[in-house]
Each structure stands twice: as C-alpha cells, then as structure tokens.
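Structure, as structure tokens:
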Amino acid sequence: MSVNRLDRPRQFDLIAFDWDGTLFDSTAIITRCIQRAVVDVGGKEPTKDAASYVIGMALPQALAHAAPDVLPEKYTELGLRYRQHYMAHHNDLILFDGVLPMLAELKRKHHWVTVATGKSRKGLNESLHAVELKGAFDGSRTADETAGKPNPLMLHELMREFGAEPSRTLMVGDTTHDLQMALNAGCASIGVSYGAHEPDAFHALKPLAVLQSVAQLSIWLAENA
C-alpha cells in the first residue's frame, strides 16, 4: 500500500533559501552592476564569470574579490557605485517562475521558511516589498547584520531563533558559498544550477541534490523535505 506523502515524517523543520539567483532572478543584473561599478572607479572590468562568482558574499568582500586592482581606499566609492547601478535596475528583478507556489506549499506543511542572504538588510527589505512577499517568510538574516557567507553565523542565528537542530535544517542556494555555509553549520544543503555558479563545484560540498529549475526544486522538497 502506498503512503500518502503528507503522512511521511518530515525531514526538515527549517528551510533557509538564498535570495539572489535562487528565488530572485537577479544574477545577470547584479553581474552587470558589479562590472560597471569596477570600471567607474578605474578598475579593469571583471569577466562575467569573475563578477558572478562573488554573488552571495557580503558586498565589501564581494567587490574586493571582483576588483583586485582597485585600491582599498576606493572600496567605499566602489560600493556606492554598485548600489547606484543596482537601484537603477532593482525594479527589473523578478521571482523565478514557480517560487510563490513553492513557498506557499512549504508554509502549508508548517516548515519554517527563511532567507539567508549576502544582501544588506535594507536591500532585502526593499526586494521583499517590491515583489509583495510580505508574510511569505518566517524569518531572515543578512550579511550586514551577521557575517558574510560562507561563515555559518546566519544559519546559526536562524536555528537559534526557531529552535531547529542542524540535522533538521536545510539550506538551498545557487553558489558554492551557500553550500559551504551549510557544511560549516552542520546542515544539509540543496544546490540549484540555474543561478550564479556553475554546478561542477557543488558536489564536493555534499549537497543532497543539484536541481536544474524551480520546478525540480519544488518536486524535491515536496517528496523529501
């Protein structure tokens, strides 16, 4: 006799999603904004791969990594130029197809649904407002109020807030920084291959699966989370 999947034991109480490139279709715009900001302050334009690699890191760390020829005294200006470019386009950003139904289903099954992102608190709040996601998440942590990825502090704080054990916590992300953070926190992870990083490097970080679309992610979560 088959078992209804709603009757199966739940594997994860807390599910943390990365934002950019995982839920929010922002990778191409963020990459272009990083490239333009570096050129604005006199640096050599980073390649698309170099600019997209740093997505998910805290902004100062990301910009310094993407622009190794820019002097540290220009980092503040570099960050300001990035924000100016980004704010000019932030309303262009949209959720990947299928994200809202996926989040609603997880909430219906009483998972704690959260965000762990390299964005600033101000940036995340603006994004949540822009896409009318009020109430979709139970909690969130950003790099500027904790620590940048792959430091596990974001996940540690979320687990403490909800009383979740590492073995009952799942991180979902599109970069090696996300998966390394989960590994550092003792949590499970899922990699998605439609975001900023090529998935070839994911497997060394031991994700439970590497999925190619939100549709595949939704199915996996419904059957396994």
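Here, each number is a calculation from the coordinates, and none is a lab measurement. Only a predicted model underlies this, so the values are computations on that prediction, with no experimental measurement involved. A quick note on method: Cβ atoms are made from the backbone with ideal geometry, for glycine too, and the neighbour counts reach across all protein chains shown.
Within the chain, which complete DSSP H helices have Cα atoms spanning at least 24 Å along the helix axis and a mean Kyte-Doolittle hydropathy of -1.0 or higher? It would help to have the intermediate numbers written out before the result.
Values: long enough: none.
Once both thresholds are applied, nothing remains.
Within the listed set A185, A88, A147, the residue fluctuating most in the Gaussian network model of the chain (springs between alpha-carbon atoms under 10 angstrom) is A88.
Between S189, S140, S120, the residue with the greatest mean-square fluctuation in the GNM of the chain (Cα pairs under 10 Å linked by springs) is S120.
May I ask you to sort F137, F24, F202, F162 by Cβ crowding, counting other Cβ atoms within 10 Å and putting the fewest first? Before the final figure, lay out each step's value.
Details: F137 18, F24 27, F202 23, F162 15.
Fewest-to-most Cβ neighbours within 10 Å comes out as F162, F137, F202, F24.
Between S193 and D138, what is the FRET efficiency for a Förster distance of 25 Å, r being their Cβ-Cβ separation, to the nearest 0.05? Could the numbers behind the result be given before it?
Values: r = 27 Å, r/R0 = 1.06.
For R0 = 25 Å, the calculated efficiency reads 0.40.
Nearest 500 deg cm²/dmol is fine: what mean residue ellipticity at 222 nm does the chain get from its DSSP H runs of n ≥ 4 alone, each adding -39,500 (n - 2.57), divided by its residue count?
Details: 9 runs with 94 residues, N = 225.
It lands at -12500 deg cm²/dmol.
Neighbour counting of Cβ atoms within 10 Å sorts the residues D178, D18, D13, D92, fewest neighbours leading, into D92, D13, D18, D178.
Cross-link partners of K48 among lysines, defined as those whose alpha carbon lies under 21 angstrom from its own and excluding same-chain residues fewer than eight positions apart: K119, K149. Here the Kirkwood formula, the inverse mean of 1/r across different C-alpha pairs, assigns region 118-225 a hydrodynamic radius of 14.5 Å.
Near N184, within a Cβ-to-Cβ distance under 15 Å, what is the net charge of the other residues, with Lys and Arg +1 and Asp and Glu -1?
Details: positive: R141, K149, K206; negative: D18, E157, D178.
Computed value for this residue: 0.
Shape of region 1-128 from the C-alpha gyration tensor: prolate (a/c of 1.5 or more and a/b above b/c, with a ≥ b ≥ c the square roots of its eigenvalues).
Neighbours of A64, meaning other residues whose beta-carbon lies under 13 angstrom from its beta-carbon, give a summed charge of -2 when Lys and Arg score +1 and Asp and Glu score -1. The base-10 log of I(q)/I(0) for the chain, evaluated at q = 0.08 Å⁻¹, reads -0.28 [Debye formula, identical scatterers on Cα atoms, solvent excluded].
Most tightly packed first, judged by the mean number of other beta-carbon atoms within 10 Å of their residues, the peptides 110-117, 64-71 read 110-117, 64-71.
Multiply the residue separation of A201 and I219 by 0.36 nm, subtract the distance between their alpha-carbon atoms, and state the gained length in nm to one decimal. Intermediate results must be reported in sequence, preceding the final value.
Values: separation 18, 0.36 × 18 = 6.48 nm, distance 2.33 nm.
Gain on extension, A201 to I219, equals 4.2 nm.
Straight distance only, please: which aspartates and glutamates reach the Cα of K107 with their own Cα at less than 13 Å, same-chain residues fewer than 8 apart left out? Within the straight-line limit of under 13 Å, K107 reaches these aspartates and glutamates: D13, D138.
From least to most packed, judged by other beta carbons within 10 angstrom and beginning with the fewest, Y75, Y53 follow the order Y75, Y53.
Loop only by DSSP, 16 or fewer other Cβ within 10 Å of the Cβ. Give me the trypsin sites (Lys or Arg not before Pro) in region 50-153 that pass, ordered by residue number. Don't jump to the answer; show the numbers that get you there.
On the way: sites: K74, R81, R83, K107, R108, K109, K119, R121, K122, K134, R141; in loops: K109, K119, K134.
Those satisfying the criteria are K109, K134.
A Gaussian network model of the chain, with springs between Cα atoms under 10 Å, assigns the largest mean-square fluctuation among L80, L23, L211 to L80.
Available extension along the chain between A28 and D92 is 21.9 nm, counting 0.36 nm per residue and deducting the alpha carbon span.
Assuming a ≥ b ≥ c are the square roots of the Cα gyration tensor eigenvalues, decide whether region 166-225 counts as rounded (a/c under 1.5), prolate (otherwise, with a/b larger than b/c) or oblate.
Working: a/c = 2.07, a/b = 1.05, b/c = 1.97.
Note, shape of region 166-225 comes out oblate.
Express in % the proportion of alpha carbon pairs of region 27-92 at distances exceeding 18 Å. Numbers along the way, then the final one.
Details: 470 of 2145 pairs.
Result: 22 percent of Cα pairs exceed 18 Å.
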